[in-house]
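Structure first, commentary second.
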Amino acid sequence: DSDTLSNLQEYGYGTNPRDADTDDDTLSDYQEVMTYGTDPLKADTDNDAMPDAWEVSRGTDPKVNDAAGDPDTDGLTNLQEYGYGTHPNLADTDADGMPDPWEIQYSLNPLAGDPSVDSDTDGLTNLQEYQAGTHPRDADTDDDTLSDYQEVMTYGTDPLKADTDDDTMPDAWELDRGLDPKVNDAAGDPDGDHLTNLQEYGIGTHPLMADTDGDGLDDDEERMPYQTDPLQADTDRDGLPDGWEVEHAFQPLSDGGMGYGLAAHWPFDEGAGSVASNRTGTGWDGALQGMTAGVWLAGRAGNSLRLDGTNDYVSVSQAAGAVVTGAPFTVMATV
């Protein structure tokens, strides 16, 4: 078989004199006997589930069960490296700057050797993701609505923390409101409304706008003493802005007439659908008639309903009883 072992030697070792590689492990019988000292009759001399030829080519010992070894200290055992096709003596088999275990963890190819790939299309290459510690298959590793690219390349925030400066105000919120997400400015009050930035975040108001809803009352005034909604220009939805009511000595938290026997109130504030609800209780809901899509519009306070002046109206069935049973009564509309 021209493997340089004589027939007598083949007989002595038990190998096939007409087959240069008796155990078909790609190592010739001569190499196994004379060079490596492995068993020419077994493809895996040490029974460690890693073939002799693979171990010889990767620099591990085919005569010692070293399946659990980790000579390149990359966290992968030799047996795992064999399974993945990576090199047990190279922590970064493809020399792309990303260690084999990291690539395997994120389902990248540790044998590809292309560090310029951007698997999650967030603008950062996989190599940049490795260097930043971010997830190469998740464009927003910390789930703060800012992409990893924006955090690393644009804002300089930590892509692994939703709140870089630990001031309990999320990076995205601070950036959207014009604050610095890298400086703990929870106690700041840039709009001078006597509410700290952290309080503004908790309430939902704008830290750079003293009067977030533009109703004429500063955010802190709405909290105290008026107890109105700093995000709603007309807290009681009576068509009159809170600041105007306070200025003219009206009550911005009026009951809308409930104290005067209000029977029904249709604020037309649903924003969608074909029903105008009666907000004073059950019954007497309105049904939109003759209206098509696009009738719900933004109003001065909340939503509004557009009537075309031709055939649009809202009907209220009184089959179960009349809305008004006595006189006199008042009807009010805000148009």
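The values are calculated or read from the model by the stated rules, or taken from the named source; none is laboratory data. Because the structure is a prediction, the values reported are computed rather than measured. Because the Cβ atoms are built from the backbone with ideal geometry, glycine has one as well, and the counts that use them run over all protein chains shown. Calculation scope for accessible area: heavy atoms of the full protein, side chains included, ligands and nucleic acids excluded. Shrake-Rupley method; radii C 1.70, N 1.55, O 1.52, S 1.80 Å.
For the stretch 43-58, filtered to residues that are outside any helix (DSSP H, G or I) and either of a type in the set (A, V, I, L, M) or in contact with a Ser or Thr (Cβ under 6 Å, 6 or more places away or on another chain) (or both), the residue that is surrounded by the fewest Cβ atoms within 10 Å (Cβ to Cβ) is Ala49. Does the stretch 147-155 include one or more residues that are β-branched (Val, Ile, Thr) and assigned to a loop (DSSP other than H, G, I, E, B)? No, there is no match, as no residue in the stretch 147-155 is β-branched (Val, Ile, Thr) and assigned to a loop (DSSP other than H, G, I, E, B). Summed over the stretch 159-207, residues that are of a type in the set (A, V, I, L, M) and without any contact (Cβ under 8 Å) to a residue 24 or more places away in the chain total 4.
Residues in the stretch 59-74: is at least one within 21 Å of Ser107 (Cα to Cα), within 47 Å of the chain's Cα centre (by Cα) and open to solvent by less than 40 Å² (accessible area, probe 1.4 Å)? Looking for residues that are within 21 Å of Ser107 (Cα to Cα), within 47 Å of the chain's Cα centre (by Cα) and open to solvent by less than 40 Å² (accessible area, probe 1.4 Å), one finds at least one in the stretch 59-74, hence yes.
For the stretch 253-270, name all the residues that are open to solvent by less than 40 Å² (accessible area, probe 1.4 Å) and touching a Gly at 6+ places or on another chain (Cβ under 8 Å). Matches in the stretch 253-270: Pro267, Asp269.
For Asp171, only one of the following conditions fails: (1) of a type outside the set (S, T, N, Q); (2) crowded, with 17+ Cβ neighbours inside 10 Å; (3) touching a Ser or Thr at 6+ places or on another chain (Cβ under 6 Å); (4) farther than 25 Å from Asp219 by Cβ. What is its number? It is condition (4) that Asp171 fails. Residues that are loosely packed, with under 14 Cβ neighbours inside 10 Å and part of a loop (DSSP other than H, G, I, E, B) within the stretch 17-42 comprise Arg18, Asp24, Gly37, listed in sequence order. Select from the stretch 92-101 the residues that are surrounded by fewer than 20 Cβ atoms within 10 Å (Cβ to Cβ) and part of a loop (DSSP other than H, G, I, E, B) and list them in ascending order. Passing the criteria: Asp92, Asp94, Ala95, Gly97. Please go through the stretch 213-252 and give me each residue that is surrounded by fewer than 17 Cβ atoms within 10 Å (Cβ to Cβ), farther than 17 Å from Leu195 by Cβ and free of Cβ contacts under 8 Å to residues at least 24 places away in the same chain, ordered by number. Scanning the stretch 213-252 gives His248, Ala249, Phe250, Gln251.
Exactly one residue out of Thr205, Thr168, Thr212, Thr164 is in contact with a His (Cβ under 8 Å, 6 or more places away or on another chain), in a loop (DSSP other than H, G, I, E, B) and modelled with pLDDT of 95 or more: that is Thr212. If the condition is being closer than 18 Å to Ala333 by Cα and touching a Leu at 6+ places or on another chain (Cβ under 6 Å), then the stretch 258-279 contributes only Phe268.
Within the stretch 253-297, track down each residue that is polar (S, T, N, Q) and either in contact (Cβ under 8 Å) with a residue 60 or more places away in the chain or touching a strand residue (DSSP E or B) at 6+ places or on another chain (Cβ under 6 Å) (or both). The answer is Ser274, Gln289. Candidates Thr310, Thr282: the one that is open to solvent by 80 Å² or more (accessible area, probe 1.4 Å) and farther than 23 Å from Val323 by Cβ is Thr310. Of the residues making up the stretch 102-144, those that are open to solvent by 50 Å² or more (accessible area, probe 1.4 Å) and of a type in the set (Val, Ile, Thr) number 2.
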